[in-house]
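Working notes for the structure below.
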Amino acid sequence: MTDRQKQILFAIVEQYAEVASPVGSSLLAKVFNVSSATIRAEMAELERLSLIHQPHTSAGRVPTDKGYRFYVNNLTDNETPTTERRAERAIAARVTQGGVPERMIRNAVDTLVELTHNLGMATIGNQLYMSGLSNLFGQPEFINGNQVQQIASLLDNLEPWLRETAPNEPLSVYIGHENPIGRSAGATLIISRFRSPYSDHSYIGVLGPTRQQYRDVMQLVRKTGEALEEGLYV
């Protein structure tokens, strides 16, 4: 993959996350200051690599799960924008206001819901707290009954799956078919493991469509896990 193809893929991921409609060559031609024909040729190569695809109802392109995975794996840690630093401070303040552990956890999840517009969740041992179902099912991706059923199956089995699998990374991202359950739902699960005095298997995260502002959401989930861990050990 050339550097320009990588930049075009990143632009498609980020633009599609913003507008929820397939990204056309004319828009990208303006962004990259080249002809639409040049963009179409680059898109054709990205399609050949199975990183993007063309919905049958549109001339634009959307990322595939493989394209999202490439994007997530190649994100770089740039300087955190001022707006994200404010969000991180809001997270820390909201979590510590909780006082008792249960309230801290609920505050952390509710804050993630507000900031990411996804479903938020936290699990400590065998207890699972969720908030934001209306956010999740209000997304345009989840108007199909089969997808809703797949999402429901994922949520029903999330806590036992986490307990059994025990993902050990500080931040884990499961995109689309990578999810252990509900693989055809078109959903992404982003979870952070955090230390807790109450359980060896403590996680906080969000569930939403694969169409995500991954950089922002991953950072917010990571920072919320850190704030919750710090608050629980005070």
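The values are calculated or read from the model by the stated rules, or taken from the named source; none is laboratory data. As the structure is a prediction and not an experimental result, all values here were calculated from the model. Here the Cβ positions follow ideal geometry from the backbone for every residue, glycine too, while neighbour counts run over all protein chains shown.
Just so you know, in the stretch 17-41 the residues that are buried (at least 16 other Cβ atoms within 10 Å of the Cβ) and in contact (Cβ under 8 Å) with a residue 40 or more places away in the chain include one that is nearest to Y68 (Cα to Cα), and it is A17. Mind checking whether some residue in the stretch 69-78 is in contact with an Asp or Glu (Cβ under 8 Å, 6 or more places away or on another chain), outside the structural domain of A227 (by TED's automatic domain parsing) and surrounded by 13 or more Cβ atoms within 10 Å (Cβ to Cβ)? Yes: the stretch 69-78 contains one or more residues that are in contact with an Asp or Glu (Cβ under 8 Å, 6 or more places away or on another chain), outside the structural domain of A227 (by TED's automatic domain parsing) and surrounded by 13 or more Cβ atoms within 10 Å (Cβ to Cβ). Could we say that R195 is modelled with pLDDT under 90, of a type outside the set (A, V, I, L, M) and within 24 Å of R85 (Cα to Cα) here? Criteria met by R195. Residues in the stretch 188-214 that are of a type outside the set (S, T, Y), closer than 19 Å to L136 by Cα and outside any strand (DSSP E or B): R211, Q212, Q213. In this structure, R211 does not qualify as basic (K, R) and either outside the structural domain of R89 (by TED's automatic domain parsing) or free of Cβ contacts under 8 Å to residues at least 60 places away in the same chain (or both).
Please verify whether R222 is touching a residue at least 40 places away in the same chain (Cβ under 8 Å) and in a loop (DSSP other than H, G, I, E, B), treating the condition exactly as stated. No: the conditions fail for R222. Here is the figure for the stretch 30-43: residues that are hydrophobic (A, V, I, L, M, F, W, C) and either more than 21 Å from R211 (Cβ to Cβ) or part of a loop (DSSP other than H, G, I, E, B) (or both) total 4.
Out of the residues in the stretch 180-200 that are hydroxyl-bearing (S, T, Y) and over 30 Å from V62 (Cα atoms), which is surrounded by the fewest Cβ atoms within 10 Å (Cβ to Cβ)? For the stretch 180-200, the residue satisfying everything is Y198.
Select, from L27, L9, the only residue that is under 17 Å from R211 (Cβ atoms), part of a helix (DSSP H, G or I) and modelled with pLDDT under 95. Residue meeting the stated conditions: L27. Tell me, please, whether a residue that is among the hydrophobic types (A, V, I, L, M, F, W, C), assigned to a loop (DSSP other than H, G, I, E, B), under 14 Å from Q213 (Cα atoms) and in contact (Cβ under 8 Å) with a residue 24 or more places away in the chain can be found in the stretch 44-59. Within the stretch 44-59, not a single residue is among the hydrophobic types (A, V, I, L, M, F, W, C), assigned to a loop (DSSP other than H, G, I, E, B), under 14 Å from Q213 (Cα atoms) and in contact (Cβ under 8 Å) with a residue 24 or more places away in the chain. Of the helices (runs of 4 or more DSSP H) lying entirely inside the stretch 76-187, the ones with 3 or more residues being among the hydrophobic types (A, V, I, L, M, F, W, C) and modelled with pLDDT of 85 or more are found at 101-116, 133-137, 145-165.
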